[in-house]
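Working notes, beginning with the structure itself.
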Amino acid sequence: MANVEAAVAGSAAVRTAQQQRPVTYKPQLDQYQARGQAVQAQLKPLYEKIERDSQAPAAKTPAGQQGLQQQAAMIQQIEQNAQRELNEILRPVAYSEAYVVESVEEKLTEAVQKAMVRRKITLVLQPGALVARANAYDLTKDIVAELDALVPNVSVVPPQGWEPRQLREARAAQAAQQAGAQAPAAPAPVAPAGP
């Protein structure tokens, strides 16, 4: 058996990148933390006000309910805008994580095959696929060793213009869908004139 996700996470390239990322992306992480604290400071009085207003006798009136709904909508809008802004600040960090993992995963199949050959194993299952096991060999550490040999390190900074696989696949699917929608319909086949 082998836990391939654990093998990728345990590879030297991923572990090294995790150590380098806080240094490399310190400005973004500091900006994220500062902006998050500023948003919390902005929201705290609004939360307190809506809490006070909801306890007031006027909150039971239709006008009071409408006022509470408007306050809640304003808070929600601030939260959503802040979340978008915070996600944008952390985008380089998230891309770095995805780039390193994808770079290691590209060699995963080869690493599994090499580990299987080295240990003379013919079948590998994920731990979740096992119902029970006795005397099963855990190939995970062997896969980590092969990954370390195949991908000793990966730059913590992705190449310019690089995007995570999930985004690339979504764009490709969208382009294929648009191309399919724009393609003219093929003419219907004409049945041969028969006797």
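Points worth noting:
- Per the conditions (1) modelled with pLDDT of 90 or more; (2) open to solvent by 40 Å² or more (accessible area, probe 1.4 Å), the sole criterion not satisfied by Ala111 is (2).
- Residue, farthest from Met1 (Cα to Cα), within the stretch 137-155, restricted to residues that are among the acidic types (Asp, Glu) and part of a helix (DSSP H, G or I): Asp148
- Residues that are exposed (fewer than 12 other Cβ atoms within 10 Å of the Cβ) and either touching a residue at least 12 places away in the same chain (Cβ under 8 Å) or not hydroxyl-bearing (Ser, Thr, Tyr) (or both), drawn from the stretch 59-82: Lys60, Pro62, Ala63, Gln66, Gln69, Gln70, Ala73, Gln76, Gln77, Gln80, Asn81
- Restricting attention to the stretch 70-127, the residues being of a type in the set (Asp, Glu) and within 16 Å of Val4 (Cα to Cα) number 4.
- Cβ-Cβ under 8 Å pairs, at least 6 apart or on other chains, the stretch 1-13 side closer than 20 Å to Ser96 by Cβ, far side acidic (Asp, Glu) and open to solvent by 10 Å² or more (accessible area, probe 1.4 Å): Val8/Glu105; Ser11/Asp148; Ala12/Asp148; Ala13/Asp148
- Only residues that are in contact (Cβ under 8 Å) with a residue 24 or more places away in the chain, part of a helix (DSSP H, G or I) and charged (D, E, K, R) were counted in the stretch 83-111, giving 5.
- Scope the stretch 126-136; condition part of a loop (DSSP other than H, G, I, E, B) and either under 31 Å from the mean Cα position of the chain (by Cα) or over 27 Å from Ala12 (Cβ atoms) (or both); matching residues: Gln126, Leu130, Val131, Ala132, Arg133, Ala134, Asn135
Listed here are the residues, each with its yes/no results for (1) touching a Leu at 6+ places or on another chain (Cβ under 8 Å); (2) part of a helix (DSSP H, G or I); (3) more than 27 Å from Gln19 (Cα to Cα).
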| residue | (1), (2), (3) |
| --- | --- |
| Gln113 | no, yes, yes |
| Val124 | yes, no, yes |
| Val157 | no, no, no |
| Gln160 | no, no, no |
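The values are calculated or read from the model by the stated rules, or taken from the named source; none is laboratory data. It should be emphasised that the depicted structure is a prediction, and the values quoted were computed from it without experimental measurement. Positions of Cβ are generated from backbone atoms using ideal geometry, with glycine treated the same way; all protein chains shown enter the neighbour counts. Protein only, heavy atoms only, side chains kept; ligands, DNA and RNA dropped before computing areas. Shrake-Rupley method; radii C 1.70, N 1.55, O 1.52, S 1.80 Å.
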